[in-house]
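This report refers to the structure that appears directly beneath it.
The values are calculated or read from the model by the stated rules, or taken from the named source; none is laboratory data. Bear in mind the structure is a predicted one, so any value in this text is a computation, not a measurement. Ideal geometry is used to build each Cβ from the backbone, glycine not excepted, and the neighbour counts take in all protein chains shown. The area values use the complete protein model at the heavy-atom level, side chains included, leaving out ligands, DNA and RNA. Shrake-Rupley method; radii C 1.70, N 1.55, O 1.52, S 1.80 Å.
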Amino acid sequence: MPSWHLEDADPIAAENPYTFYKPSREVIARVQPGEVVKLNFCFSSTDPEAPRAERMWVLVDQVLADGSFRGRLNNEPHYIHDLKLDDPVSFGACHIINTEHDDNDNLVERYIKRCFVTKRVLDDGRLVGYLYREEPDEEKDSGWRITAADESDEYMSDSRNLAYVSLGAVLSRDDSFRELLDAPSGSAFVRNTTTGRFEPESAA
């Protein structure tokens with residue numbers, strides 16, 4: 001038996017749509033022989049430095065009638081010792097985690113920019129209660145600052161209570177504010193505790 005297996009990425013993508021990218025079936029249907037696709041090769045290792053999987057490209061040789069694929073490994077593995085460049089690989093659409101094709105519905109890329117968020121939201125499971133957007137500090141910064149709206153001044157003054165993460169990481173906890181994220185700098189929104197909806201508020 002091989003030491004590795006291909007990971008079914010469908011349930012992972014379904015549970016983590018903002019942080020784990022997987023192309024849609026429509027995008028995968030555009031894949032043709034001669035193109036490369038990326039798969040997740042899971043394996044076991046006694047090396048404490050080894051990851052749980054290697055993400056590697058496979059050159060597609062055939063697209064079968066049932067929608068499955070046959071191809072050849074297009075990378076040299078770093079950790080998997082019984083798999084090498086050009087070895088045959090058979091796989092399905094559920095295993096593909098990237099293609100050569102553009103994807104306008106790539107939520108991970110869309111929300112890759114970072115924001116400051118309190119750990120009340122990120123770790124404690126509180127819903128977003130207040131968010132505002134200022135001019136970004138750097139290129140990878142979205143400018144959004146996100147809180148649960150129940151943090152004390154003392155809590156906010158402790159930098160250990162803040163995290164600088166992708167917007168996708170926050171949306172994975174609570175995506176009720178997603179439609180607000182195209183608002184310009186200077187925008188601010190507070191959740192109405194009665195209706196649960198966000199209402200605009202003048203930024204401080």
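Of all the residues that make up segment 45-92, how many are touching a residue at least 24 places away in the same chain (Cβ under 8 Å), over 18 Å from P33 (Cβ atoms) and among the acidic types (D, E)?
Result for segment 45-92: 3.
With the condition being open to solvent by less than 40 Å² (accessible area, probe 1.4 Å) and under 30 Å from K140 (Cβ atoms), I'd like the strands (runs of 3 or more DSSP E) fully within segment 18-111 carrying at least 1 qualifying residues.
Because the criterion is at least 1 residues that are open to solvent by less than 40 Å² (accessible area, probe 1.4 Å) and under 30 Å from K140 (Cβ atoms), the strands (runs of 3 or more DSSP E) in segment 18-111 that meet it are 36-43, 53-63, 96-98.
Return the only residue of S172, S187, S159 being open to solvent by 60 Å² or more (accessible area, probe 1.4 Å) and either out of contact with any Pro (no Cβ under 8 Å at 6 or more places or on another chain) or not hydrophobic (A, V, I, L, M, F, W, C) (or both).
Going through S172, S187, S159 in turn, just one is open to solvent by 60 Å² or more (accessible area, probe 1.4 Å) and either out of contact with any Pro (no Cβ under 8 Å at 6 or more places or on another chain) or not hydrophobic (A, V, I, L, M, F, W, C) (or both): S159.
Looking only at segment 114-149, filter to residues that are assigned to a loop (DSSP other than H, G, I, E, B) and over 18 Å from S166 (Cβ atoms); which one of those is modelled with the lowest pLDDT?
Let us first name the residues in segment 114-149 that are assigned to a loop (DSSP other than H, G, I, E, B), namely 123-129, 134-140, 148-149.
Adding the requirement that they be over 18 Å from S166 (Cβ atoms) leaves 124-127, 129, 135, 148-149.
Values: D124: 96, G125: 93, R126: 96, L127: 97, G129: 97, E135: 96, A148: 97, A149: 96.
The qualifying residue modelled with the lowest pLDDT is G125.
Looking only at residues that are of a type outside the set (F, W, Y) and part of a helix (DSSP H, G or I) in segment 150-162, which one is farthest from L181 (Cα to Cα)? Can you show your working first?
Keep residues of segment 150-162 that are of a type outside the set (F, W, Y), which gives 150-154, 156-162.
Imposing the further condition that a residue be part of a helix (DSSP H, G or I) reduces the set to 153-154, 156, 159-161.
Numbers: D153: 25, E154: 28, M156: 22, S159: 24, R160: 25, N161: 23 Å.
This residue is E154.
Taking interchain pairs and intrachain pairs at least six residues apart, which have beta carbon atoms under 6 angstrom, with the first residue in segment 124-136 and under 21 Å from T193 (Cα atoms) and open to solvent by 70 Å² or more (accessible area, probe 1.4 Å) and the second outside any strand (DSSP E or B) and at pLDDT 95 or above?
R126/R120; R126/A148; L127/D174
Out of P88, P51, which single residue is farther than 16 Å from A13 by Cβ and more than 24 Å from the chain's Cα centre (by Cα)? Give the derivation first.
On the way: P51 fails: more than 24 Å from the chain's Cα centre (by Cα).
One residue alone meets the criteria, P88.
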